[in-house]
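The values are calculated or read from the model by the stated rules, or taken from the named source; none is laboratory data. All values reported here derive from a predicted model rather than from experimental measurement. Reconstructed Cβ throughout: ideal geometry from the backbone, glycine too, with neighbour counts over all protein chains shown.
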């Protein structure tokens, strides 16, 4: 079985899901593929505000901030809403795409942004967490690859982050949000979601 984890470092919910997705896959004998996308490009394509959090009412913003904090406490993961929101993640995503240890690097970048409040647009932050000067120089060459990956996400029906696509028995199911990970796991275990 295959589990695609579509993410952008800019999403606090994707950060939360990133702390759980590998163990879900491992428990269920699935291979997880971390799949990068530019969330802003996805939002533009589907007609969503570029930064939905900032477009929300003050009441909803407070609720969302509390919701993220609750999920972090529920999963016992460190969380601090970044002071650099909205995060600019193009450079981080491009270096991730060519990093020889992309998985570990990605986990460090998620934690840097959403546990430590660091700015992923700052090359010095990326260097501290495992990028190299060479990767930073090569990052612009990944523009088309990141655009293509984002296009593939849209072709799969992805409209937000995190999104998971479960591939099983020649079929695939899309789930959006860290609060759907129980359904992702159930699908990996054989449940067939209604269409």
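Listed values, structure above:
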quantity	calculated
Search result, residues across segment 99-110 that are closer than 21 Å to residue 69 by Cα and either without any contact (Cβ under 8 Å) to a residue 60 or more places away in the chain or surrounded by fewer than 14 Cβ atoms within 10 Å (Cβ to Cβ) (or both)	108
Top-ranked residue of segment 130-150 - restricted to ones that are surrounded by 15 or more Cβ atoms within 10 Å (Cβ to Cβ) and closer than 22 Å to residue 45 by Cα, ranked as farthest from the chain's Cα centre (by Cα)	142
Residue, nearest to residue 70 (Cα to Cα), within segment 1-29, restricted to residues that are surrounded by fewer than 21 Cβ atoms within 10 Å (Cβ to Cβ) and in contact with a helix residue (DSSP H, G or I) (Cβ under 7 Å, 6 or more places away or on another chain)	13
Given (1) surrounded by 18 or more Cβ atoms within 10 Å (Cβ to Cβ); (2) part of a helix (DSSP H, G or I); (3) in contact with a strand residue (DSSP E or B) (Cβ under 8 Å, 6 or more places away or on another chain), number of the condition residue 32 does not satisfy	(2)
Test result for residue 6, at pLDDT 95 or above, outside any helix (DSSP H, G or I), in contact with a strand residue (DSSP E or B) (Cβ under 7 Å, 6 or more places away or on another chain) and closer than 26 Å to residue 174 by Cβ	yes
Residues of segment 55-66 satisfying the condition of being assigned to a helix (DSSP H, G or I) and either surrounded by 14 or more Cβ atoms within 10 Å (Cβ to Cβ) or touching a helix residue (DSSP H, G or I) at 6+ places or on another chain (Cβ under 8 Å) (or both)	61, 64
Verdict on residue 37 being touching a residue at least 12 places away in the same chain (Cβ under 8 Å), crowded, with 20+ Cβ neighbours inside 10 Å and touching a helix residue (DSSP H, G or I) at 6+ places or on another chain (Cβ under 9 Å)	yes
Residues being assigned to a helix (DSSP H, G or I), in contact with a strand residue (DSSP E or B) (Cβ under 8 Å, 6 or more places away or on another chain) and either over 15 Å from residue 4 (Cβ atoms) or free of Cβ contacts under 8 Å to residues at least 24 places away in the same chain (or both) - total across segment 154-195	3
Qualifying residue in segment 72-84 (condition: touching a helix residue (DSSP H, G or I) at 6+ places or on another chain (Cβ under 8 Å), more than 19 Å from residue 147 (Cα to Cα), in a helix (DSSP H, G or I) and modelled with pLDDT of 95 or more)	yes
Within segment 41-54, considering residues that are out of contact with any helix residue (DSSP H, G or I) (no Cβ under 7 Å at 6 or more places or on another chain) and part of a loop (DSSP other than H, G, I, E, B), the one modelled with the highest pLDDT	47
Filter pass, residue 127 being in contact (Cβ under 8 Å) with a residue 12 or more places away in the chain, in contact with a helix residue (DSSP H, G or I) (Cβ under 8 Å, 6 or more places away or on another chain) and either surrounded by fewer than 17 Cβ atoms within 10 Å (Cβ to Cβ) or not in a strand (DSSP E or B) (or both)	no
